[in-house]
Amino acid sequence: MFCEKSMISDRFPISLFVSHESVVREGKGMKGMQSWPELTKELGAQLRNLRGGAPEVMKAFSNIAQTALAPNALDGKTKELIALGIAVAIRCDDCIAFHVKAAVDQGASQDEVAEALSMAIYMGAGPSAMYASHALEAFRQFADNKTPASTS
């Protein structure tokens with residue numbers, strides 16, 4: 001089964017087709033507990049390869065990401081919570097990993113993440129509930145790994 005992934009810049013993958021079989025073979029994926037921080041590290045390496053192969057396209061998508069994430073009427077944390085809700089609704093584990101990490105880095109609390117996830121469940125019904133559980137576990141792992149020195 002192939003699933004379209006979307007990542008932009010260093011933090012977010014661009015359109016790319018990835019086989020879930022490769023993730024499941026390594027003992028990760030939806031059937032077992034996966035390490036969300038480890039997933040983001042692995043994807044980061046894959047994205048560096050993609051940037052090397054399609055530098056102009058990746059630069060353009062990076063510019064889109066920077067523009068979309070720039071604080072205006074909405075702050076960065078709110079934008080990451082929206083992106084997380086969308087990631088759950090479109091069932092993109094890789095997107096969940098990157099946006100949960102970004103939400104944690106922006107100072108999102110578990111209550112804020114849970115409220116954003118409740119909107120994703122509302123908009124996506126049952127399947128979103130399953131992916132919301134992935135996002136909440138990713139939050140727990142990233143929050144547990146956050147060092148006190150990295151708080152802002």
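The values are calculated or read from the model by the stated rules, or taken from the named source; none is laboratory data. What you see is a predicted model; the values in this text were computed from it and never measured. FYI the Cβ positions are ideal-geometry reconstructions off the backbone, even for glycines, and counts take in every protein chain you see.
Just a few scattered comments:
- Some residue of the range 135-150 being farther than 24 Å from GLU42 by Cα and either at pLDDT 90 or above or more than 16 Å from the chain's Cα centre (by Cα) (or both): yes
- Filter result (in contact (Cβ under 8 Å) with a residue 40 or more places away in the chain, within 23 Å of GLU38 (Cβ to Cβ) and among the hydroxyl-bearing types (Ser, Thr, Tyr)) within the range 82-135: TYR131
- Inspection of the range 123-133 identifies no residue that is at negative phi and in contact with a strand residue (DSSP E or B) (Cβ under 9 Å, 6 or more places away or on another chain).
- In this structure, ALA108 qualifies as touching a helix residue (DSSP H, G or I) at 6+ places or on another chain (Cβ under 6 Å), modelled with pLDDT of 95 or more and not in a helix (DSSP H, G or I).
- Taken together, ALA103, ALA73, ALA87, ALA68 contain a single residue that is in a helix (DSSP H, G or I) and either farther than 15 Å from PHE142 by Cβ or of a type in the set (S, T, N, Q) (or both), which is ALA68.
- Per-region count, the range 15-38, residues modelled with pLDDT under 90 and either among the hydrophobic types (A, V, I, L, M, F, W, C) or outside any helix (DSSP H, G or I) (or both): 16
- Residue that is nearest to ALA102 (Cα to Cα) [pool: residues in the range 56-70 that are surrounded by 13 or more Cβ atoms within 10 Å (Cβ to Cβ) and touching a residue at least 40 places away in the same chain (Cβ under 8 Å)]: ALA65
- Within the range 43-55, the set of residues being over 13 Å from the mean Cα position of the chain (by Cα) and either closer than 11 Å to PHE98 by Cα or part of a helix (DSSP H, G or I) (or both) comprises ALA45, GLN46, LEU47, ARG48, ASN49, LEU50, ARG51, GLY52, GLY53, PRO55.
- Filter pass, GLU137 being surrounded by fewer than 19 Cβ atoms within 10 Å (Cβ to Cβ), on the phi < 0 side of the Ramachandran plot and assigned to a helix (DSSP H, G or I): yes
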